[in-house]
Amino acid sequence: MTISENVSLKNYSTMRLGGNARYLCEIHTENDLLQALEFATNNNLKFKVIGSGSNLIWPDNGFDGLVIVNKIENFKIDGTQVEIGAGEDWDSVVEKTVNNNLSGIEFLSLIPGSTGATPVQNVGAYGCEIKDVLVSLRAYDTEQNQIVEITNVECGFGYRSSRFNGVDSGRFIITSIKLQLSSDNPAPPFYDSLQKYFELNNISTYSPQAIREAVISVRTAKLPDPDYVANNGSFFSNPIIDSTDFENIKIVFPEIVGWPFEDGIKVSAAWLIENSGFKDFHDAETGLATWATQPLVIINEHANSTADLVKFRDKIIKAVYDKFRILLQQEPELVE
């Protein structure tokens, strides 16, 4: 394991902004992780463990500590259970499970990032969330200073949330996850966009491969590839508001889009942003823009700083709040 100094962090976030890390290393095993943590402790350094950087943004002043890039790889199938290293590319994992005729995560195809990040935000798409299939995970507990196993119920999953980005943010370093998949095909009903794809292509057998192909087709039609266009994917989560508040807004804006969710209504953040004047919006002041086919995605066209991104983000939040009195919440983590 090599520890490098004064490393630019722009290549460690898919938004490609931020300053330098004082130190940076890659880990490939749990033992590497322990060595990296020992280096941080011995040198009185704070540390940050990351995957591919698809869901984080670095500050302009960088990170005055040790950045640990998790590259732990592992992929083992035992019947319908799969054990996966936290450093595995997530979409490659989905592809492998589909190729083995296993169902359960094909709806999460083409989501950028590493496997270890999926439980943190309870990644979800098209009606599927990681909590639906996760059995347990291995993690290093920085309070107990040991590797622990955490079960699904102990993860504290919620909508785009878990204990790992909530009450225990920063405490656990995930090294692997275990999923319970199925050998049965998924059954309808499906999200409208997927159902329309199936009808258009005369598909009535819903194999994991068919679902994956549909999801990839739908996603590529409206979302930019972070390898070519700098972005963090969906920048805002869909806000959940009280049903009465939703009905009151609907009186003034009858076309507002929302879905029943637990005790309230999940409102389409994309609809709110588009109807606040930010559809395919290109901001000359900051160098940021919204993606033409999905206003939830902020793209970096020629921004020079994270301060520019924050300024553009705040313009969107203010416009939505001023018009609808709904406060948008940012999804990607802004590292402090």
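Restricting to the stretch 295-328, count the residues that are touching a helix residue (DSSP H, G or I) at 6+ places or on another chain (Cβ under 9 Å) and crowded, with 21+ Cβ neighbours inside 10 Å.
The total comes to 10.
If you scan the stretch 99-130, which residues turn out to be surrounded by fewer than 19 Cβ atoms within 10 Å (Cβ to Cβ) and part of a helix (DSSP H, G or I)?
ASN99
Taking the conditions exactly as written (surrounded by fewer than 19 Cβ atoms within 10 Å (Cβ to Cβ) and out of contact with any Asp or Glu (no Cβ under 9 Å at 6 or more places or on another chain)), does ASN74 satisfy them or not?
no
Report yes if GLU30 is in contact with a Phe, Trp or Tyr (Cβ under 9 Å, 6 or more places away or on another chain), at pLDDT 95 or above and of a type outside the set (Lys, Arg), otherwise no.
yes
Report, by residue number, each residue of the stretch 165-195 that is hydrophobic (A, V, I, L, M, F, W, C) and under 21 Å from the mean Cα position of the chain (by Cα).
Matches in the stretch 165-195: VAL167, PHE172, ILE173, ILE174, ILE177, LEU179, LEU181, LEU194.
If only one of SER207, SER237 is under 30 Å from LYS76 (Cβ atoms), surrounded by fewer than 20 Cβ atoms within 10 Å (Cβ to Cβ), not β-branched (Val, Ile, Thr) and not assigned by TED's automatic domain parsing to the domain that holds LEU108, which one is it?
SER207
Out of all the residues in the stretch 1-50, which are of a type in the set (Ser, Thr, Tyr) and free of Cβ contacts under 8 Å to residues at least 60 places away in the same chain?
If the condition is that a residue be of a type in the set (Ser, Thr, Tyr) and free of Cβ contacts under 8 Å to residues at least 60 places away in the same chain, then THR2, SER4, SER8, TYR12, TYR23, THR29, THR41 are the ones that fit.
Hey, among the residues in the stretch 33-58 that are part of a strand (DSSP E or B) and farther than 21 Å from ASP141 by Cα, which one's modelled with the highest pLDDT?
Top of the filtered list is ILE57.
Looking at ARG22, is it on the phi > 0 side of the Ramachandran plot and of a type in the set (D, E, K, R)?
no
Considering the stretch 135-147 alone, what residues qualify as being within 9 Å of PHE172 (Cα to Cα) and loosely packed, with under 14 Cβ neighbours inside 10 Å?
Within the stretch 135-147, GLU143 is the sole residue that qualifies.
Filter the stretch 293-321 down to the residues that are among the hydrophobic types (A, V, I, L, M, F, W, C) and within 20 Å of SER54 (Cα to Cα) and list them by number.
Correct list: LEU296, VAL297, ILE298, ILE299, ALA303, ALA307, LEU309, VAL310, PHE312.
Tell me the helices (runs of 4 or more DSSP H) entirely within the stretch 237-336 that contain at least 3 residues that are among the β-branched types (Val, Ile, Thr).
243-252, 306-324
Output the qualifying pairs, or none if there are none: Cβ atoms under 7 angstrom, residues six or more apart or on different chains, first residue in the stretch 282-310 and over 12 Å from ASP60 (Cα atoms), second residue surrounded by 17 or more Cβ atoms within 10 Å (Cβ to Cβ) and of a type in the set (Asp, Glu).
So the pair list comes out as THR286/ASP308; GLY287/ASP308; LEU288/ASP308; ALA289/ASP283; PRO295/GLU274.
Being buried (at least 20 other Cβ atoms within 10 Å of the Cβ), touching a helix residue (DSSP H, G or I) at 6+ places or on another chain (Cβ under 7 Å), touching a residue at least 60 places away in the same chain (Cβ under 8 Å) and not in a loop (DSSP other than H, G, I, E, B) is the requirement here; does ILE84 meet it?
Here the answer is yes, as ILE84 does meet what is asked.
Table: residues versus (1) touching a residue at least 12 places away in the same chain (Cβ under 8 Å); (2) over 15 Å from ILE211 (Cβ atoms); (3) part of a loop (DSSP other than H, G, I, E, B).
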site	(1), (2), (3)
THR97	yes, no, no
GLU143	yes, yes, yes
GLU149	yes, yes, no
ILE173	yes, yes, no
PHE190	yes, no, yes
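The values are calculated or read from the model by the stated rules, or taken from the named source; none is laboratory data. Computed from a prediction, not measured in an experiment: that's the story for all the values here. Heads up, the Cβs are rebuilt from the backbone with ideal geometry, glycines too, and the neighbour counts pull from every protein chain shown.
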